[in-house]
Amino acid sequence: MKMIKTIRILLVIWTAIIFMNSLMTADISSEQSGFVTNLALSIFGFFGFQPDAITLQSIIRMTAHAVEFMILGVLIHLDRKTIDYPFYRMFIIGLCIALTDEIIQIFVPGRAFELLDLLIDTLGLTLGIYLVLYVFRIQKRKRRQSLDGNHES
């Protein structure tokens, strides 16, 4: 029961973080991704590679969206394991959060509803849900093999 509450609390906190990121103005959001881009450019430069800064910043922003929603997908799936949601319900919950995230940005100066961001969010969400599913299947298979091995002895 304690684990269920912890997962739900983490799910609410993570959703709040997603929405808070959406509430940042375009200037603040660009400043954050610019910081990460400059850091990445420094690291790449150290190894003698100099990617295009605009392309790199675009990749960093898309990756941030995907990872943000992949974590959400993981948390939704972990919560689902406690209340036995079918996949489509987990997906719909995550998709509603992603849609709300993009709708919030309509009202934030310099931000907009971006269909590409929604697609990336959805892909990250799906990856997160399936990642947990895959890990649980591996664990289940190992438990079965362990039980089968114990019966043969």
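All of the numbers you see were taken from the coordinates with simple rules; none came from a lab. Since the model is a prediction, treat every value here as computed from it, not as a measurement. Here Cβ is always computed from backbone atoms with ideal geometry, including for glycine, and neighbour counts include all displayed protein chains.
Quick check: anything in segment 9-32 of a type in the set (Gly, Ala, Ser) and either on the phi > 0 side of the Ramachandran plot or in contact with a Leu (Cβ under 9 Å, 6 or more places away or on another chain) (or both)? Outline the logic, then answer.
We begin by selecting, within segment 9-32, every residue of a type in the set (Gly, Ala, Ser); these are 16, 22, 26, 29-30.
After this cut, where a residue has to be either on the phi > 0 side of the Ramachandran plot or in contact with a Leu (Cβ under 9 Å, 6 or more places away or on another chain) (or both) as well, the list is none.
No: segment 9-32 contains no residue that is of a type in the set (Gly, Ala, Ser) and either on the phi > 0 side of the Ramachandran plot or in contact with a Leu (Cβ under 9 Å, 6 or more places away or on another chain) (or both).
Among the candidates Leu39, Leu23, the residue that is hydrophobic (A, V, I, L, M, F, W, C) and surrounded by 13 or more Cβ atoms within 10 Å (Cβ to Cβ) is uniquely Leu23. Restricted to segment 7-112, the set of helices (runs of 4 or more DSSP H) holding at least 1 residues that are free of Cβ contacts under 8 Å to residues at least 60 places away in the same chain and closer than 18 Å to Leu127 by Cβ comprises 53-83, 87-106.
Residues in segment 102-145 that are among the polar types (S, T, N, Q) and surrounded by 17 or more Cβ atoms within 10 Å (Cβ to Cβ): 3 in all. Among the residues making up segment 61-89, those that are surrounded by 18 or more Cβ atoms within 10 Å (Cβ to Cβ) and either more than 13 Å from the chain's Cα centre (by Cα) or among the aromatic types (Phe, Trp, Tyr) (or both) are Phe69, Leu78, Arg80.
For segment 45-60, name all the residues that are in contact with a helix residue (DSSP H, G or I) (Cβ under 8 Å, 6 or more places away or on another chain) and either within 26 Å of Met20 (Cβ to Cβ) or of a type outside the set (Gly, Ala, Ser) (or both).
So the first thing to find is which residues in segment 45-60 are in contact with a helix residue (DSSP H, G or I) (Cβ under 8 Å, 6 or more places away or on another chain), and the list is 50-51, 53, 56-57, 60.
Gln50, Pro51, Leu56, Gln57, Ile60 - these are the residues of segment 45-60 that are in contact with a helix residue (DSSP H, G or I) (Cβ under 8 Å, 6 or more places away or on another chain) and either within 26 Å of Met20 (Cβ to Cβ) or of a type outside the set (Gly, Ala, Ser) (or both).
Which members of segment 124-153 meet the condition of being among the hydrophobic types (A, V, I, L, M, F, W, C), in contact (Cβ under 8 Å) with a residue 12 or more places away in the chain and farther than 22 Å from Leu23 by Cα?
So in segment 124-153, the residues among the hydrophobic types (A, V, I, L, M, F, W, C) come out as 125, 127, 129, 131-133, 135-136, 138, 147.
Then keep just the ones that are in contact (Cβ under 8 Å) with a residue 12 or more places away in the chain; that gives 125, 127, 129, 131-133, 136.
Within segment 124-153, Leu127, Ile129, Leu131, Val132, Leu133, Phe136 meet the criteria.
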